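Notes follow the structure.
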Amino acid sequence: MAQEYNKKFIGTDVRPRVSVFRSNTAIYAQAIDDMNGKTIVSVSSKEIKEAKKPVELAMLCGKLLAKKAKDKKIEKVIFDRNGYRYHGRIKALAEGMRDGGLVF
């Protein structure tokens, strides 16, 4: 059923899809196993307590997501930016995930 919903990117339990949502105040990312319809790990910029600039928060979110994914034995992911342009906070999130050790 999940394949009908998102035909462009399909995540599995071995290589989940990292879906990004960006609002005016926060950024959210979650690693999703589309085959089973489950969220494996998720992170929000609201989890980080330090008051930082939005781009720095996105970088920290990417590192936190990578750490949580590594704890679940996930090395590779598929990055789904949901139509957002690859710059600013989206780019910082991706770079944070790469710095944390995720491959995509």
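When only DSSP loop residues count, what GluC sites (Glu not before Pro) in segment 24-97 have their Cβ near at most 15 other Cβ atoms within 10 Å? Please list the in-between numbers first.
Working: sites: GLU47, GLU50, GLU56, GLU75, GLU95; in loops: GLU50, GLU75.
Passing sites in segment 24-97 are GLU50, GLU75.
Hey, which lysines would be in cross-link range of LYS52, C-alpha to C-alpha under 17 Å, not counting anything within fewer than 8 residues on its own chain?
Counting by Cα, and skipping residues close in sequence, LYS52 has these lysines nearby: LYS63, LYS91.
Check each of the chymotrypsin sites (Phe, Trp or Tyr not before Pro) in segment 4-74 and keep only those in coil by DSSP with at most 16 other C-beta atoms within 10 angstrom; list them in order. Walk me through the numbers before you get to the answer.
Details: sites: TYR5, PHE9, PHE21, TYR28; in loops: PHE9.
Counting only loop positions with at most 16 other Cβ atoms within 10 Å, the chymotrypsin sites (Phe, Trp or Tyr not before Pro) in segment 4-74 are PHE9.
Which entries of LYS38/LYS68; LYS8/LYS70; LYS38/LYS72 have Cα-Cα distances beyond 18 Å here? Display every interim value, and only then the final one.
Values: LYS38/LYS68 15 Å; LYS8/LYS70 25 Å; LYS38/LYS72 14 Å.
Long pairs (Cα-Cα over 18 Å): LYS8/LYS70.
Every read-out reported here was derived from the displayed coordinates using simple, explicitly stated rules and does not represent laboratory data. Note that the coordinates shown come from a computational prediction; the quantities given were computed from them, not determined experimentally. In this analysis, Cβ positions are derived from the backbone assuming ideal geometry, glycine residues included, and neighbour counts consider all displayed protein chains.
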